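The values are calculated or read from the model by the stated rules, or taken from the named source; none is laboratory data. Since this is a predicted model, take the numbers as computed values, not measurements. Glycine also receives a Cβ, built like all others from the backbone with ideal geometry; neighbour counts cover every protein chain displayed.
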Amino acid sequence: MISQFKTLCHVKKLREQNKLKTLRAKRAAVAAALDKEEAQRRTVTENRAALPAKKAAIYDEIMLQKVSVPDIDLTKEKISKLEQALQALEDEAERLTQIRIRYEAECDTARNEYQIAQRHHEKLTMVTSDLESVQTRVAEAKEDAEIEDLFSKKQEIRK
């Protein structure tokens, strides 16, 4: 019976190790997602800061010149493309934030599963240890009883 508990305990230990491996992978995914998100946020910040200078450069091309309506439309289109590019960067940053949040939730789930597996393994280890202890005490009591029985028989024979 104890060997079955030891086998079960070994299985629980393997499950616990599996859950720990999964937890570590999830933590690594969160860290990688956070790095990507931060890099994207820096890119957004840099592009947002550079946007006024880029707009000014586009406007400087046509300032103090006689321009036609198509030139003005082309300038507006260039400005619009700059703003759209910044919006696309911001959208990507938001998408990366959502991915990181999802990974964090998965990491929390993995952490909970690992803790549950840990508790199951610890509980089973304690039960197995208790059973071994009881079995040892029973064997010792049986041995003591046999020794006592043996000595009592010798004393009866002497009388």
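A few points about this structure:
- Lone qualifier among ALA93, ALA57, ALA53 - being closer than 30 Å to LYS26 by Cα and hydrophobic (A, V, I, L, M, F, W, C): ALA93
- The combined condition, being at pLDDT 90 or above, assigned to a helix (DSSP H, G or I) and farther than 30 Å from GLU61 by Cβ, is fulfilled by ASP108.
- Residue in segment 66-76 that is outside any helix (DSSP H, G or I) and either within 26 Å of the chain's Cα centre (by Cα) or β-branched (Val, Ile, Thr) (or both) present: yes
- Residue pairs whose Cβ atoms lie under 9 Å apart, sitting 6 or more positions apart in sequence or on different chains, and linking a residue in segment 117-142 that is surrounded by fewer than 13 Cβ atoms within 10 Å (Cβ to Cβ) to a partner that is in a helix (DSSP H, G or I), are LYS123/LYS12; GLN135/ILE2.
- Among the residues of segment 11-32, just one is of a type in the set (Val, Ile, Thr) and either over 8 Å from the mean Cα position of the chain (by Cα) or exposed (fewer than 13 other Cβ atoms within 10 Å of the Cβ) (or both), namely VAL11.
- Within segment 53-70, no residue that is farther than 18 Å from LEU82 by Cα sits with its Cβ atom under 9 Å from a residue that is modelled with pLDDT of 90 or more and in a loop (DSSP other than H, G, I, E, B) at 6+ positions apart or across chains.
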